[in-house]
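The values are calculated or read from the model by the stated rules, or taken from the named source; none is laboratory data. Every value quoted in this text rests on a predicted model; they were computed, and no experiment measured them. Heads up, the Cβs are rebuilt from the backbone with ideal geometry, glycines too, and the neighbour counts pull from every protein chain shown. What goes into the accessible areas is simple: the full protein's heavy atoms, side chains included, and nothing from ligands, DNA or RNA. Shrake-Rupley method; radii C 1.70, N 1.55, O 1.52, S 1.80 Å.
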Amino acid sequence: MSADSTVSGPGSTNPGSTKITPGLAGVPEEVDLVVIGLGVTGTGVALDAVTRGLSVLAVDAHDLAFGTSRWSSKLVHGGLRYLAHGQVGVAHESAVERGILMEVTAPHLTHAMAVLVPLTSSVSAFQAGLTRAGFLAGDVLRRSAHTDRETLPRPRRISATETLNLVPGLRRDGLRGGLLSWDGQLEDDARLVTTIARTAATAGAHVRTRARVLSATGTEVRLRDELTGAGRAVAARAVVNATGVWAGDLVDEVRLRPSRGTHLVLRAEALGGPRVSVTVPVPGSTSRFVFVLPQADGTVYVGLTDEPVEGDIPDVPEPSEAEIGFLLDVISAAFARQLRREDVVGSYAGLRPLLDTAGGGTADLSRKHAVLTSGSGVVTVVGGKLTTYRQMAEDAVDAAVDHAGLDVGPCRTRTLPLSGAAPRAELARLELPERLVRRYGTDAALVLASAREVTGLGDEELLAPVASGVPVTLAELLFGVTHEGAADVDDLLDRRTRVGLVPADRERALPAAERALALAGVGTS
Ligand SMILES: Cc1cc2nc3c(=O)[nH]c(=O)nc-3n(C[C@H](O)[C@H](O)[C@H](O)COP(=O)(O)OP(=O)(O)OC[C@H]3O[C@@H](n4cnc5c(N)ncnc54)[C@H](O)[C@@H]3O)c2cc1C
């Protein structure tokens, strides 16, 4: 396998500590495997391949987590919804991968999330029975995946008083209790991607943002450095296309038609401060639900929709006013307070891939992933979920090494902790700021130490919220630049942190992002 070369990040206090950098300067002319796209799938492929002993170049036209991976519901699904469609294999795979993330590879970035179905007058005894049976089936899935009950407790029925204690903002009339179950929730989807990328880079992968692939075959990619406009070719023994809904732009045989899923961002107060997530049935439907998902930063996401998208695939999809109105109406019917358009402090949309199949129909890849090898030898991996990224990456690398006849070791990612991972008990004992532990695990110490070293500032300044009501800290922004390849304020505000999900907060955090770039010695853009 070819040798590795070290590239240090801008402003890094420790040259060679990061290999996530923008542009193409210094990339090798030849590697074992090129992976195109740095969403959860592409970063997963980079980590899988580099830890099997391959030399890897992993690139994105924009930034880490620029595409669909940052527009998710941030859940680590157990697969219950797939059981409801009779897809037992997909459900089991989801439950297994959820367990791996929560117990082995990323306990620091995941936690158990209680899911409440309020039993209101519009939920019949029969529907309540069905939901309860579904939750019990979900618990069977958990057990079959060998996920501990300590990690995800058993579902149970709760009283109306306990229901209102957990979600005080619910409508009270006709409420006769609730059904409570547990699933996994991510600290943040883009943070998962960034952590996988950093783990891959630490293992020796060359991870490059602002590097667009213009064309690819199974043995060569032609790239454009989006910073300089310069073109260049890199030879490879295998090429994996992990460009999500854009996969068809590089490989003609892959035809995708996306569908849009929209979420709203509200302040928790607008819904009376829910302490658990809530599943609200869409009136008149027995199979559609809207989810209320509280986040650690004091916001709540409400989603999601399913709207076909025609024409070109946008870089950043936009929610429509009709979707926003629909979500507000469904939630207002379940909560005591009528929500207004002004309650929406942010909104975002992501695209699910629909694959045009050879038979002329379509297959919804948002449940199952596909690995396809093109005539020119490019392996495309598309569909699936954040939850199953590791299995997707394993399948894609298996296909790539088979096709190229590479002699590599077995996949190692099932037992390989991501950077900063540790057992929950160990994380709980860390005497470091809680927010940093939640986002970086044991690397919280590194985040703080490197921020001190780069700036010479004291902890009070490094750890203070960058603006009132905006919990992001200068230490995190600095780490984004020194260790996570952030090159401008957009990378920092929209991907390394998610303050950009609330435009008004983004505005207030902007000076801190500019300061972090300046302190780390990177010009702002
Ligand atoms: C609304 C919604 C909610 C979801 N919620 C969940 C959830 O809660 N839990 C869950 O498990 N899953 C969820 N999913 C599924 C999950 O988000 C996706 O399956 C996953 O993020 C797809 O990741 P990806 O890496 O394949 O694609 P992407 O994240 O889209 O990454 C593709 C990357 O390729 C890059 N790229 C494109 N063209 C080029 C090129 N020519 N050269 C270089 N780079 C290029 C893009 O910039 C992009 O960064 C959700 C999906 C949607 C749509």
Determine the sum of side-chain charges near Arg438: Lys and Arg each +1, Asp and Glu each -1, restricted to other residues whose C-beta is under 12 angstrom from that of Arg438. -2
Note to self, the chain gives a 222 nm [θ] from helices alone (DSSP H runs n ≥ 4, -39500 (n - 2.57) apiece, / all residues, nearest 500) of -9000 deg cm²/dmol
Hull surface over four for the Cα convex hull of the chain, reported in nm², is 23.1 nm²
With Rg and the Kirkwood Rh both taken from Cα atoms, where does Rg over Rh land for the stretch 241-292? 1.21
Could you calculate, for the stretch 251-336, the ratio of the Cα radius of gyration to the Kirkwood radius, expressed as Rg to Rh? 1.05
Can you tell me the relative contact order of the stretch 285-436? Whole percent, Cα pairs under 8 Å, sequence separation 6 or more. 10 percent
Would you tally the net charge around Thr147, using a Cβ to Cβ cut-off of less than 9 Å, leaving Thr147 out, and scoring K and R as +1, D and E as -1? +2
Sorted by mean Cβ packing within 10 Å, highest first, what order do the peptides 104-111, 402-409 take? 104-111, 402-409
How many nm is it between the label spots at Ala428 and Arg143, if each spot is 7 Å from the Cα in line with the beta carbon? 2.5 nm
Need the list of aspartates and glutamates near Lys19 for cross-linking: C-alpha distance under 15 angstrom, and skip anything on the same chain fewer than eight residues off. Asp4, Asp60, Asp63, Glu484
Lys74: which lysines have alpha carbons under 25 Å from its alpha carbon, excluding same-chain residues fewer than 8 sequence positions away? Lys368, Lys385
Rg(Cα)/(2.2 N^0.38 Å) for the stretch 416-525, N = residue count: 1.03
Enter the angle in degrees (range 0 to 90, nearest 10) between the Cα long axis of helix 40-51 and the first principal axis of the Cα atoms of the chain, meaning the one along which they spread out most. 50 degrees
In whole angstrom, largest first, the equivalent ellipsoid semi-axes that the Cα gyration tensor gives for the stretch 445-484 are 16, 12, 7
Taking the convex hull of the alpha-carbon atoms of the stretch 336-424 and averaging its shadow over every direction gives an area in square nanometres of 11.8 nm²
For the chain, calculate the relative contact order in percent as a whole number, restricting contacts to Cα pairs under 8 Å that are 6 or more residues apart. 21 percent
Given a cut-off of 17 Å, what percent of all Cα-Cα pairs of the stretch 287-340 lie beyond it? 48 percent
Separation between the Ala235 and Glu162 pseudo-spin-labels, each 7 Å from Cα along Cα→Cβ, expressed in nm? 6.6 nm
Highest to lowest packing among 453-461, 490-498, scored as the average C-beta count within 10 Å: 490-498, 453-461
Ignoring ligands, DNA and RNA, what accessible area per residue does the chain give at 1.4 Å, in Å²? 39 Å²
Starting from the Kirkwood Rh over alpha-carbon pairs, what translational D in µm² s⁻¹ does the stretch 464-525 have by Stokes-Einstein at 25 °C and 0.890 mPa s? 223 µm²/s
With +1 on the Cβ of every Lys and Arg and -1 on the Cβ of every Asp and Glu, the dipole magnitude of the stretch 308-360 about its Cα centre, in debye rounded to the nearest 20, is 340 debye
Can I get the semi-axes of the stretch 394-450's equivalent ellipsoid? Compute them from the C-alpha gyration tensor as square roots of 5 times the eigenvalues, in angstrom, largest first. 35, 12, 8
Relative packing of 434-440, 302-308, which averages over residues the other C-beta atoms within 10 Å, highest first: 434-440, 302-308
With +1 on each Lys and Arg Cβ and -1 on each Asp and Glu Cβ, how big is the dipole of the chain about its Cα centre, in debye rounded to the nearest 20? 1640 debye
Using only the alpha carbons of the stretch 264-304, what is the convex hull's orientation-averaged projected area in square nanometres? 2.9 nm²
For the stretch 49-119, calculate the relative contact order in percent as a whole number, restricting contacts to Cα pairs under 8 Å that are 6 or more residues apart. 18 percent
Probe radius 1.4 Å, ligands and nucleic acids ignored: give me the carbon and sulfur share of the accessible area of the chain as a rounded percent. 52 percent
Debye sum, Cα scatterers, the stretch 101-201, no solvent: what log₁₀ I/I(0) at q = 0.11, 0.12, 0.16, 0.19 1/Å? -0.45, -0.52, -0.79, -0.95
